[in-house]
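**Student:** Questions regarding the structure given below will be posed in turn.
The values are calculated or read from the model by the stated rules, or taken from the named source; none is laboratory data. Here the structure is a predicted model, which means the values were calculated and not measured. All Cβ positions, even for glycine, are placed from backbone atoms using ideal geometry, and neighbour counts span all protein chains on display. These accessible areas exclude ligands, DNA and RNA; they are computed on the full protein's heavy atoms, side chains included. Shrake-Rupley method; radii C 1.70, N 1.55, O 1.52, S 1.80 Å.
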Amino acid sequence: PFDLRYKNVYRPGCTTPTGQTPEVFCLEEMMDIMRPKYLAAKEKATKASTAEKKKGVGISIGIYGAGGDGPDTAEAWVELFKDRVLLSTTWSDHGQGADAGALGTAHEALRPLGLRPDQILLELNDPAKAPDGGAAGGSRSQVVTGNAIVVACENLLNAIRKPDGSYLTYDEVIAQGLPTRYSGRWTSVAQIGDPDTGQGIPIENYMYGVFMAEVTVETKTGKVDVDKLTMVADVGKINNKLVVDGQIYGGLAQGVGFALSEDFEDLHKHTNMVKCGLPFAEDIPDDIEIIYHETPRKTGPFGASGVGELPNTAPHAAIMNAVYRACGARVRDLPAYPSKVLAAMPKK
């Protein structure tokens, strides 16, 4: 399973299914990182398996775009005040860390001014006050809205830069009658695909992940426990590690639910989170290992790509591959309830 995937990852000369050349080639190195962990996990599973509780290891690869399909645009404003800067955009925050992403990007872009993070104020989410940063979807915001923030900050710096390379103070800006607010817009160079061939560049930046799951299967009941999840992630240069950690922990937890318990199909039956099968804390392994492989993206803000949906791409596949390796049950209809796993086990 490992070598088959290793042989088929993107390398120079490869293209995506739409004919696009990947913006980076990082998966081979990521799998090199995962290989010794995979071999050690397989050995551990073999030693710990019993007739009653069989253990297995599964891997998978996930790739996801960071952007809306086709050209994707965002706008941001920055406004200079006496002892601070106001950053304004609709980088909508629904818990994913938009505030940290916006702040980290602006702080890096405004380093020449020597501002502390607490001197950069944020005006997010309010379309009555802030320009359109675009939808918070498609893992696009760090790339697209982030680039708009960078452009706005660069426009400010260019406007107040002195001939000697230093910068005007707020009082000097006012004295010279210069504007204090500067706008930045950025649009990805992605292209709408050919409707007849499906070929094109739908998204400019991607995210790459290698997943490994270690599971225990009770052979009497078919119950699956996820013992450990390991992920090697390449989301470009990391803006704020704590926020990115949170995104990946959350996404992996959702992967456990997707694999083993979540079902939303019956709108009359699945009417709340418990009935929909969202996993409880006890269902998520305490042992989660995240390894970052940072490959700067040429068109990402300071090399960043997206992150939000990457950890959702394939942890469920790794879990189900691990179940198959543990007990021979190949379940393709998710969620893999114990009854499904039990029914799929090879009959003696």
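**Student:** Check whether at least one residue in the range 35-49 is modelled with pLDDT of 95 or more, surrounded by 13 or more Cβ atoms within 10 Å (Cβ to Cβ) and β-branched (Val, Ile, Thr), and report yes or no.
**Tutor:** So far as the range 35-49 goes, no, none of its residues is modelled with pLDDT of 95 or more, surrounded by 13 or more Cβ atoms within 10 Å (Cβ to Cβ) and β-branched (Val, Ile, Thr).
**Student:** Would the range 299-309 turn up any residue that is assigned to a strand (DSSP E or B), under 24 Å from Tyr206 (Cβ atoms) and in contact with a helix residue (DSSP H, G or I) (Cβ under 7 Å, 6 or more places away or on another chain)?
**Tutor:** Yes, the range 299-309 contains at least one residue that is assigned to a strand (DSSP E or B), under 24 Å from Tyr206 (Cβ atoms) and in contact with a helix residue (DSSP H, G or I) (Cβ under 7 Å, 6 or more places away or on another chain).
**Student:** Show the residue pairs meeting these rules: Cβ distance below 6 Å; 6+ apart or different chains; first residue within the range 147-170 and at pLDDT 95 or above and assigned to a strand (DSSP E or B); second residue of a type in the set (Ser, Thr, Tyr) and open to solvent by 20 Å² or more (accessible area, probe 1.4 Å).
**Tutor:** Correct list of pairs: Arg161/Tyr167.
**Student:** Something else: Would you point out the residue of the range 55-89, among those that are in contact (Cβ under 8 Å) with a residue 60 or more places away in the chain, of a type in the set (D, E, K, R) and outside any strand (DSSP E or B), that is least open to solvent (accessible area, probe 1.4 Å)?
**Tutor:** Only one residue tops the list, namely Asp72.
For every residue, the table says whether it meets (1) open to solvent by 60 Å² or more (accessible area, probe 1.4 Å); (2) part of a helix (DSSP H, G or I); (3) at pLDDT below 95.
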residue: Glu172; (1), (2), (3): yes, yes, no
residue: Trp186; (1), (2), (3): no, no, no
residue: Ala190; (1), (2), (3): no, no, yes
residue: Thr197; (1), (2), (3): yes, no, yes
residue: Ile203; (1), (2), (3): no, no, yes
residue: Tyr208; (1), (2), (3): no, no, no
residue: Gly222; (1), (2), (3): no, no, no
residue: Ala233; (1), (2), (3): no, no, no
residue: Leu242; (1), (2), (3): yes, yes, no
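**Student:** Any residue in the range 4-18 that is within 19 Å of Ile201 (Cβ to Cβ) sitting within a Cβ distance under 6 Å of a residue that is in a helix (DSSP H, G or I) and open to solvent by less than 60 Å² (accessible area, probe 1.4 Å)? List the pairs, counting only those 6 or more apart or interchain.
**Tutor:** That search, which allows pairs on different chains as well, returns Tyr10/Leu27.
**Student:** Pairs under 6 Å by beta carbon, first residue in contact (Cβ under 8 Å) with a residue 24 or more places away in the chain and farther than 30 Å from Glu43 by Cβ in the range 302-328, partner open to solvent by 30 Å² or more (accessible area, probe 1.4 Å) and of a type outside the set (S, T, N, Q), six or more apart or different chains?
**Tutor:** From the range 302-328, the pairs are Phe302/Glu108; Phe302/Lys237; Gly303/Lys237; Gly303/Pro296; Ala304/Lys237; Glu309/Tyr64.
**Student:** Could I ask something else about it? Taking into account only those residues within the range 281-298 that are farther than 19 Å from Asp227 by Cα and out of contact with any helix residue (DSSP H, G or I) (no Cβ under 7 Å at 6 or more places or on another chain), which is surrounded by the fewest Cβ atoms within 10 Å (Cβ to Cβ)?
**Tutor:** Lys298
**Student:** If you don't mind, another one. Considering every residue within the range 90-106, establish whether at least one is touching a residue at least 60 places away in the same chain (Cβ under 8 Å), under 26 Å from Gln191 (Cα atoms) and not in a helix (DSSP H, G or I).
**Tutor:** No, every residue in the range 90-106 fails to be touching a residue at least 60 places away in the same chain (Cβ under 8 Å), under 26 Å from Gln191 (Cα atoms) and not in a helix (DSSP H, G or I).
**Student:** Let me ask something additional. So, in the range 263-280, how many residues would count as being open to solvent by 70 Å² or more (accessible area, probe 1.4 Å) and touching a helix residue (DSSP H, G or I) at 6+ places or on another chain (Cβ under 9 Å)?
**Tutor:** Adding up the residues that qualify gives 0.
**Student:** Can you tell me which residue is modelled with the lowest pLDDT among those in the range 121-146 that are of a type outside the set (A, V, I, L, M, F, W, C) and open to solvent by 40 Å² or more (accessible area, probe 1.4 Å)?
**Tutor:** Asn125
**Student:** Leu260 - would you say it is over 30 Å from Glu28 (Cβ atoms) and surrounded by fewer than 16 Cβ atoms within 10 Å (Cβ to Cβ)?
**Tutor:** Judged against the criteria, Leu260 is not a match.
**Student:** Separate question: Kindly list the number of the only condition in (1) open to solvent by 50 Å² or more (accessible area, probe 1.4 Å); (2) assigned to a loop (DSSP other than H, G, I, E, B); (3) of a type outside the set (Asp, Glu) that fails for Thr18.
**Tutor:** Looking at each condition in turn, Thr18 falls short on (1).
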